[in-house]
1. Extension gain LEU112-THR169, at 0.36 nm per residue separation less the Cα-Cα distance, in nm?
2. Counting only other residues whose beta carbon sits under 9 Å from that of ASN171, what net charge do I get with K and R as +1, D and E as -1?
3. Using the Karplus equation 6.51 cos²θ - 1.76 cosθ + 1.60 (θ = phi - 60°), what ³J(HN,Hα) coupling, rounded to whole Hz, does each residue of the stretch 139-148 give in order, writing x for Gly and Pro?
4. Residues with amide H under 5 Å of ASN50's amide H, sequence separation 5 or more or different chain, H placed in the peptide plane at 1.01 Å from N; which?
5. To two decimal places, what compactness ratio does the stretch 124-163 give when its Cα radius of gyration is scaled by 2.2 N^0.38 Å?
6. Treating the stretch 40-196 as a set of equal point scatterers at the Cα positions, no solvent, please give the Debye-formula log₁₀ I(q)/I(0) at q = 0.18, 0.21 Å⁻¹.
7. Calculated FRET efficiency, THR105 and GLN82, Cβ-Cβ r, R0 30 Å, to nearest 0.05?
8. Residues with beta-carbon under 13 Å from that of LEU112, excluding LEU112: net charge, scoring Lys, Arg +1 and Asp, Glu -1?
Amino acid sequence: MRLAPALVLVLAAAAVATGPVAIAVDGPQYTFPDTCDADSIYNGSSDCVNGWIDIQLHEDGSATWMRETAYPRAAFEDYIAQYESWTGTTQEYLDDQLADTNTDTVTATSELTDDLLLVRITSELASDNEAALVGFSVADDGALAAAIPIAQVTGVSLVTLTAPGPVQTSNGTIAGDTVTWNADSMTDLTELDATASATAAPAGLPAWIVPSGAGLLVLAGVAGVLGFARRSRSTHRAA
């Protein structure tokens, strides 16, 4: 059985349709059309998946990167029943898929609400390795910079970045030590840029050190880590 396209990392950003249901969560307010069903999930309908990335920059140049992926719960449950032949509960399915994901630097959690299925994958990025490959850098005076390729945030409708000190410049919307990019503001961007102080005290604009390597660490999303359909489906299959 082929991997469901909806579970591929390249996802669409927003959902617009007639008769939507809006659900408020800690990040964005996810809105899915009431036409989402098992076929929508299987066929990778961009209207039926959304997400949020929340980044916490740290003073030493390391970062905490959280990617949340949201599906309409009813449609996803129909998908795993029809296309995955899953006979257990939805939570058991998620627990099964996430069982081998947690490491010293990666934590995966799931949450079910009345209307949503949420999966959050949090990665701790070391300052001298992963953080630089993603696009974070530290100046000689300790100030911070971010230049995140747009490919890293494909498929989400909101990106938030919080620095230890005030954000000084950005191509997003600045509010103190936080900068926000929504789906509309990311449409024409090739990267998400920000410069910030590493401390709460005001700082001058530094001479930024920008990573020059060609490498790109593509952080795992739901498809990359869970791979819903890639592992054996013998467990919980219908007889």
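1. Working: separation 57, 0.36 × 57 = 20.52 nm, distance 3.71 nm.
My answer for the length gained is 16.8 nm.
2. -2
3. Coupling constants for the stretch 139-148: 7, 4, 8, x, 6, 10, 9, 10, 9, 8 Hz.
4. ALA70
5. This ratio for the stretch 124-163 stands at 1.26.
6. -1.08, -1.29
7. On the way: r = 35 Å, r/R0 = 1.18.
That gives a FRET efficiency of 0.25.
8. Numbers: positive: ARG73, ARG120; negative: GLU77, GLU92, ASP95, GLU111, ASP114, ASP115.
Net of charged neighbours comes to -4.
Quick note: the coordinates plus some simple rules give every number you see, no bench work behind them. All of these numbers come straight from a predicted model, not from anything done at the bench. Note that each Cβ is placed from the backbone with ideal geometry, even for glycine, and that neighbours are counted across all protein chains shown.
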